[in-house]
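To start, the structure itself, in structure tokens.
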Amino acid sequence: MKKNKILITGAAGFIGFGLARKLLENINNTIIAIDNYDDYYDIKLKKKRINLLKKNKNFLFKKVDLNNFKNLKKVFLVHKFTSIYHFAAQAGVRYSLLKPRKYLESNINGFFNLLECCRGLKLKNFFFASSSSIYGDQKKYPLDEKSPSIQKNIYSLSKMINEEFARIYSELYGLKLVGLRFFTVYGPWGRPDMFYYKFMTNIKNKLPTSLYNNGNHYRDFTYINDVVEILIKLSKVKFKKNYDVLNICSSRSESLIKFTKLIEKFYDKKAIIKNKKRLNLEVLKTHGDNKKILKLINKKKFIKIEQGLEETVKWFKSYNKV
């Protein structure tokens, strides 16, 4: 059987790591992973993820910054990729207020460099991470892929620009590109900058957690195992168009209040909460329509938030030796 040589950018990150682990279960897959170990959040966690992946002989890691076109091009000259999963990006909505230039460099220029490296290549798949944040605040839910885009911050703007770059490159150069509009992904090995991880950390350290808008936010929480399963199944789909976008979500919007109470329940400790005013750059609600992906893949069930959070808290306690 022919070997698959797969590039994963941002492999030290949450989703990239989760996908790489699953892909490596197939001995016909070779993963070439790149990451720049950006210090936006705990580098030790990123390195632990990579070290776990390195235990598989079909995994190769290269420390590469997508902003360095010369070094990135070298990777493409050495390896002939069959598929690409692009997850490397500067994350964080609130952080975009402090460091807007990082989003220009990492999310826009880095993606452009990657597209340039792919010109002329015949790839089976090229999936790239977009975000539900491009929808902004809406009046009608759930949101499907045709819903209007209303960016409220630099992060969401950078993701919308990525989508436009991809659309144009698909038209001009024949690249087959699929944008993945991830909703709120959570689970074991998650990102320390995300609310649920901070919430557990503050419970552990007996510190207060800021709850904006009194917790009256709603998010389409999607468990990491469901996300990885969707990505694996999408890799086998023959897309009719060169360019497409897909909502990656459970299509179940839960309140942040319920989310925090479940974490307290499974942690078996009460949190110290400080209610704060709503930040204008954050959306009140995310709720995606996933009918489009369900038509493409055979998936009928999503992990319930109760089960997902119980597994997440269990992992967190084990990882932090609580």
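Looking only at region 13-29, count every residue that is surrounded by fewer than 20 Cβ atoms within 10 Å (Cβ to Cβ) and under 13 Å from residue 61 (Cβ atoms) and tell me the total.
The qualifying residues number 1.
Within the set of pairs 6+ apart or on separate chains, which have a first residue in region 92-115 that is closer than 14 Å to residue 64 by Cα and small (Gly, Ala, Ser), a second that is surrounded by fewer than 17 Cβ atoms within 10 Å (Cβ to Cβ) and at pLDDT 90 or above, and C-beta atoms under 9 Å apart?
Every condition considered, the pairs that remain are 106/67; 110/67.
With the requirement that a residue be assigned to a strand (DSSP E or B) and closer than 29 Å to residue 160 by Cβ, what does region 179-217 give you? Step through it out loud before you land on a result.
Here is the first cut: in region 179-217, the residues assigned to a strand (DSSP E or B) are 179-182, 184-186, 208-212.
179, 180, 181, 182, 184, 185, 186, 210, 211, 212 - these are the residues of region 179-217 that are assigned to a strand (DSSP E or B) and closer than 29 Å to residue 160 by Cβ.
Can you confirm whether residue 74 is assigned to a loop (DSSP other than H, G, I, E, B), over 20 Å from residue 192 (Cβ atoms), over 15 Å from the mean Cα position of the chain (by Cα) and of a type in the set (Lys, Arg)?
No.
Can you tell me which residue in region 148-168 is surrounded by the most Cβ atoms within 10 Å (Cβ to Cβ), limited to those that are touching a residue at least 24 places away in the same chain (Cβ under 8 Å) and touching an Asp or Glu at 6+ places or on another chain (Cβ under 9 Å)?
Checking each candidate, the answer is 153.
Given the residues 161, 154, 168, which is the only one that is β-branched (Val, Ile, Thr) and at pLDDT below 95? Can you show your working first?
Numbers: 161 fails: at pLDDT below 95; 168 fails: at pLDDT below 95.
On inspection, the qualifying residue turns out to be 154.
Rundown of residues vs (1) more than 30 Å from residue 322 (Cα to Cα); (2) crowded, with 18+ Cβ neighbours inside 10 Å; (3) at pLDDT below 95, yes/no style:
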site	(1), (2), (3)
145	yes, no, no
174	yes, no, yes
181	yes, yes, no
187	no, yes, no
190	no, yes, no
200	no, yes, no
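Being assigned to a loop (DSSP other than H, G, I, E, B) and over 19 Å from residue 96 (Cβ atoms), is that true of even one residue in region 152-161? It would help to see each step written out before you state the result.
We begin by selecting, within region 152-161, every residue assigned to a loop (DSSP other than H, G, I, E, B); these are 152-153.
Subset that is over 19 Å from residue 96 (Cβ atoms): none.
Within region 152-161, none of the residues are assigned to a loop (DSSP other than H, G, I, E, B) and over 19 Å from residue 96 (Cβ atoms).
Scan region 157-176 and give yes if some residue there is closer than 18 Å to residue 9 by Cα and out of contact with any Ser or Thr (no Cβ under 9 Å at 6 or more places or on another chain), otherwise no.
Yes, some residue in region 157-176 is closer than 18 Å to residue 9 by Cα and out of contact with any Ser or Thr (no Cβ under 9 Å at 6 or more places or on another chain).
The values are calculated or read from the model by the stated rules, or taken from the named source; none is laboratory data. Remember, it's a predicted structure, so these values are computed and weren't measured experimentally. Positions of Cβ are backbone-derived with ideal geometry, glycine not excepted, and every protein chain shown enters the neighbour counts.
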